[in-house]
Amino acid sequence: MAAAETDARGWDYVTYAPSGETCSACMKPIKTLEQVHRGALERQSGAPVVVYRHLRCRRG
Ligand SMILES: [Zn+2]
């Protein structure tokens, strides 16, 4: 079994993604008003990046 490609540390809460966002797990567009997990990925340089993941993403 492969290691997780997405390090999902610190998923904050369930919310609605802004339009035009993409699921960080399956890389598919998130529909408007679709519920998602909101999270932040820390980067070594710069501010954390806010990412979204389908609430019931099959890769989650
Ligand atoms: Zn997804």
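A short reminder: the numbers here are calculations on the coordinates, not readings from a lab. Just so it is clear, the structure is predicted and the values come from calculations on it, not from any experiment.
Here is how the numbers come out for the structure above:
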{"read-out": "In sequence order, calculated HN-Hα J values of segment 17-27 (Karplus, 6.51, -1.76, 1.60; Hz; x Gly/Pro)", "value": "6, x, 5, x, 7, 10, 5, 6, 8, 9, 6"}
{"read-out": "5 angstrom amide H check on Ala17, placed H, neighbours 5+ away", "value": "Leu33, Glu34, Val36"}
{"read-out": "Amide H contacts of Ala40 (H built 1.01 Å from N, under 5 Å, at least 5 apart or other chain)", "value": "Asp12, Val51"}
{"read-out": "Calculated from backbone phi, Karplus (6.51, -1.76, 1.60) coupling profile of segment 37-46 in Hz, x at Gly/Pro", "value": "8, 9, x, 10, 9, 7, 10, 5, 10, x"}
{"read-out": "Cut-off under 5 Å, modelled amide H: who pairs with Cys23 long-range", "value": "Lys28, Ile30"}
